[in-house]
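Only one structure is covered here, and it is reproduced in the block below.
Just so it is clear, none of the values below were taken in a lab; they were calculated from the coordinates. Treat the numbers as computed from the prediction; the structure is a model and nothing was measured. Neighbour counts run over all protein chains shown; Cβ positions are idealised from the backbone, glycine included.
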Amino acid sequence: MHLGRVIPILRIFDETKALEFYVDFLGFKVDWQHRFEANYPLYLQVSSGTCVLHLSEHHGDASPGAAVRIQIEGIATYQQQLLAKDYRYAKPEVEETAWGTREMSIKDPFGNRVVFVEEMAD
């Protein structure tokens, strides 16, 4: 048996705010978008490198307030890039944890928590 990668689905409620956060602020790119018809909920995929997230306006796809942990190398550099964007709703800080990681937690406009995690060298 072989398991593949995991692609989390995060609930969103506003396309403009979602794109502002995930694309303009975090630096993901939109891979594709889908609506069954005009004026229907949006479902889309965003990615950065090998990290892939699905964002959905569909009721029942996910619950607001979810959390995802994303492995990263170079968290301090990424934090400085984010701070330089001067995004009104987030000024992320990096925290060193007791379990040997550096973590940067950011809430999206819908209450989902995106946590970037870097393993500290021994």
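Values computed for the structure shown
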| read-out | value |
| --- | --- |
| Separation of the W32 and E93 label points, Cα + 7 Å toward Cβ, nm | 4.2 |
| Neighbour-count order for K85, K107, fewest beta carbons within 10 angstrom listed first | K85, K107 |
| Sparse-neighbour loop sites [chymotrypsin sites (Phe, Trp or Tyr not before Pro); region 66-122; at most 10 other C-beta within 10 Å; DSSP] | W99 |
| Nearest-ten-degree value, helix 75-84 long axis tilted from longest Cα axis of the chain | 60 |
| At most 11 other Cβ within 10 Å, DSSP loop - GluC sites (Glu not before Pro), region 73-111 | E73, E93 |
| Ranked H2, H34, criterion: other C-beta atoms within 10 Å, fewest first | H2, H34 |
| Descending principal axes extents, the chain, alpha-carbon based, whole Å | 52, 45, 23 |
| Sparsely packed GluC sites (Glu not before Pro) within region 14-63, loop by DSSP, other Cβ within 10 Å at most 11 | E37 |
| About the Cα centre, charge dipole magnitude for region 1-80 (Lys/Arg +1, Asp/Glu -1 at Cβ), debye | 240 |
